Structure formats: structure tokens, C-alpha cells
1. Tell me the helices (runs of 4 or more DSSP H) entirely within segment 35-128 that contain at least 3 residues that are within 19 Å of Ser17 (Cβ to Cβ) and among the hydrophobic types (A, V, I, L, M, F, W, C).
2. Give the residue, chosen from Gln104, Gln67, that is over 11 Å from the mean Cα position of the chain (by Cα), in contact (Cβ under 8 Å) with a residue 40 or more places away in the chain and open to solvent by less than 50 Å² (accessible area, probe 1.4 Å).
3. Have a look at Ser58, Ser17, Ser50 and point out the one that is of a type in the set (S, T, N, Q) and closer than 28 Å to Leu86 by Cβ.
4. Residue by residue through segment 117-128, note down the ones that are closer than 16 Å to Phe10 by Cα and either free of Cβ contacts under 8 Å to residues at least 24 places away in the same chain or open to solvent by 30 Å² or more (accessible area, probe 1.4 Å) (or both).
5. Take segment 1-34 and flag every residue that is part of a loop (DSSP other than H, G, I, E, B), of a type in the set (Ser, Thr, Tyr) and touching a residue at least 40 places away in the same chain (Cβ under 8 Å).
6. Only one of these conditions is not met by Leu92: (1) under 15 Å from the mean Cα position of the chain (by Cα); (2) surrounded by fewer than 16 Cβ atoms within 10 Å (Cβ to Cβ); (3) aliphatic (A, V, I, L, M). Which number is it?
7. Out of all the residues in segment 40-58, is one or more surrounded by fewer than 14 Cβ atoms within 10 Å (Cβ to Cβ) and touching a residue at least 60 places away in the same chain (Cβ under 8 Å)?
8. Six or more apart or on different chains, Cβ atoms under 7 Å: show the pairs whose first residue is in segment 77-94 and at pLDDT below 95 and whose second is hydrophobic (A, V, I, L, M, F, W, C) and surrounded by 13 or more Cβ atoms within 10 Å (Cβ to Cβ).
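The values are calculated or read from the model by the stated rules, or taken from the named source; none is laboratory data. All values derive from a computational prediction rather than experimental measurement. Quick reminder, even Gly has a Cβ in these numbers, built from the backbone with ideal geometry, and neighbours come from all protein chains shown. Surface accessibility is based on the protein's heavy atoms, side chains included, excluding ligands, DNA and RNA. Shrake-Rupley method; radii C 1.70, N 1.55, O 1.52, S 1.80 Å.
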Amino acid sequence: MRLLLDTCTFLWIVTGSSQLSKRAAELFRDPANEVFLSAVSSWEIAVKFSSGGLRLPSPPMQLVADQREAHAIAPLPLTEQEALYLPRIPHLHRDPFDRMLVCQAIVNGLSILTPDPLITQYPIRTIW
């Protein structure tokens, strides 16, 4: 399975949070699955950290790269095709970061590991 981590899912994985569901943790740990972190999530983390809305044990530039490597999470850059897919999805969710993750999941055939009920409204596979 090819899995795209929602931003909160990535943060919960790297911090060992109890908010991570058992199912999400099992799928994340399964070596048969490919796991991706989008550049969009890195951007979201950087924006929220720099505005004071997100506390982290180290700066995002260090934390994201180190934790991706430590957990064998592949980077997923944002492509022009994915960005231009945005007008094709309904405006069901106000969060621009999540909407772009939806576009990436659709274009790349990924399932999103997310607890966000708004994301589940889109025509993609979500797992929690």
C-alpha cells in the first residue's frame, strides 16, 4: 500500500503520541507499505512553527529531515500537475494544506493516513 501521512499523523508518529490510532501505527510500521511525507506537510509545519502555533523539540528544518530518515519516510515533492488539480476537487475543506494533500493523493493513487473527518469527504481512500 502507498500511504501519504497527514501532517498531524507525521507529528504523532515522531513524538510517540497516543493520538495515533492502532491501525495507523500498524500500517505505518508494515515494511510492505511505502510511506510518504509531502512537501506540503513540511511547509505546514514550518508555517505553524514560525507563527508560534506549533511547538517542536527542534527547528522544522532539522526535525522533519531527521525524522523522515529515522522512520524511513520518503519525501513527496509537490508537482505542477498536483497543484493544478486543485480546481477539480470540491471545496469541502477550508484548510489549503489538507486540500493539496488530497490532490496529491488523487494524482498519485495514495491513501491518506488521517483522523480528519473533512478529508474523508473526498474521493480518496483514507485510513485511521
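1. Ranges flagged: 60-70.
2. Within the list Gln104, Gln67, the selection yields Gln67.
3. Exactly one residue qualifies, and that residue is Ser50.
4. Thr126, Trp128
5. Within segment 1-34, Ser21 is the sole residue that qualifies.
6. For Leu92, the exception is condition (1).
7. Checked segment 40-58: no residue is surrounded by fewer than 14 Cβ atoms within 10 Å (Cβ to Cβ) and touching a residue at least 60 places away in the same chain (Cβ under 8 Å).
8. Note: pairs meeting the criteria are Leu92/Leu118; His93/Leu118; His93/Ile119.
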